[in-house]
Amino acid sequence: MAEDVLVKVDKFMFPIDFVVMDIEEDDDVPLILGRPFMKTARMMIDIDDG
């Protein structure tokens, strides 16, 4: 686990924690990443268009 990694977005710096998982491949249980994951997790991202 990497803790408090600084990620710069425009002029802002955010401390982010990353978790790296070492798992066996299983074709019966797909790993969902990206937009499909956000929809499954009911994630909402509120971004001001400015």
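The values are calculated or read from the model by the stated rules, or taken from the named source; none is laboratory data. Only a predicted model underlies this, so the values are computations on that prediction, with no experimental measurement involved. In this analysis, Cβ positions are derived from the backbone assuming ideal geometry, glycine residues included, and neighbour counts consider all displayed protein chains.
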Kindly establish whether Asp4 is on the phi > 0 side of the Ramachandran plot, modelled with pLDDT of 70 or more and either assigned to a strand (DSSP E or B) or of a type outside the set (S, T, N, Q) (or both).
yes
So Leu33 fits all but one of (1) in a loop (DSSP other than H, G, I, E, B); (2) at pLDDT 70 or above; what number is the exception?
(2)
Top-ranked residue of segment 12-26 - restricted to ones that are over 15 Å from Ala2 (Cβ atoms) and not β-branched (Val, Ile, Thr), ranked as surrounded by the fewest Cβ atoms within 10 Å (Cβ to Cβ):
Glu24
